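Written below as structure tokens is the structure these notes are about.
Just so it is clear, none of the values below were taken in a lab; they were calculated from the coordinates. For clarity, every value in this text was computed on a predicted model and none was experimentally measured. Please note: Cβ atoms are built from the backbone with ideal geometry, for glycine as well, and neighbour counts cover all protein chains shown.
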Amino acid sequence: MTGHFENWMLNNSGKSDAWFPDPPLSLQTVSVKLIDSLVSRAISLGENVRMCLHEQGTIGLQCMIIAQHSHLFDLPKNADAGGKLFNILKGELQLVTFDDGRFLVASSSLLNKDVPVGFVRQGRTYVDVPRSEISVHLEIASSISTRTTPDWVKGLSRSTINSIIP
């Protein structure tokens, strides 16, 4: 790869483009310039893009910087074993948890420069929705995926989800 993605390898076999360190370093850093390049790529592709700080295929902790479009968020899902940490780097990101088994908001928090960190407990049904055209956040979770999509979510549209979020 050339430019700002030097020493990063593209894997586009997942739900979104993912860049992995190549070679993996004992200390991995990401500059503001590299995050800006990630945003530029997301804008040019019109898709969400991830930069994974962990090694590809790693068992344990997964750390990702995600540039996410406001109209391309995932439907609600259950948090992985250990929960999930979000740290907003650019823009705004709405975190919402739902009451178990129901389409009813239990809690909601807007992450931004004033409230940059949010944590979703293990097993909670949640959704993260960008509230700026593009948001960039650091997401940390266990790679031992216990993530499931609740039955009540199946068949819902993003606009339906958006309509109930405060």
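With Rh defined as the Kirkwood radius, the inverse of the mean 1/r over Cα pairs, the Rg/Rh of segment 72-115 is 0.97. For the chain, excluding the exposed loop sites themselves (trypsin sites (Lys or Arg not before Pro), DSSP loop, at most 11 other Cβ atoms within 10 Å), the longest remaining stretch covers 16-101.
Return the equivalent ellipsoid semi-axes of segment 6-104 as a descending list in whole Å, where each equals the square root of 5 times an eigenvalue of the C-alpha gyration tensor.
Details: eigenvalues 125, 61, 32 Å².
Semi-axes (√(5λ), whole Å): 25, 17, 13.
Taking the Cα centre of the chain as origin and assigning +1 to Lys and Arg Cβ atoms and -1 to Asp and Glu Cβ atoms, the resulting dipole is close to 280 debye. Legend: P(r) of segment 35-164 from all alpha carbon pair distances, 5 Å bins from 0, whole percents, reading 2, 11, 20, 23, 22, 15, 6, 1.
Within the same chain, lysines fewer than 8 places from Lys77 are excluded, and of the rest, those with a Cα less than 21 Å from its Cα are Lys15, Lys154. Axis angle, to the nearest 10 degrees, between helix 32-45 and the longest C-alpha principal axis of the chain: 70 degrees.
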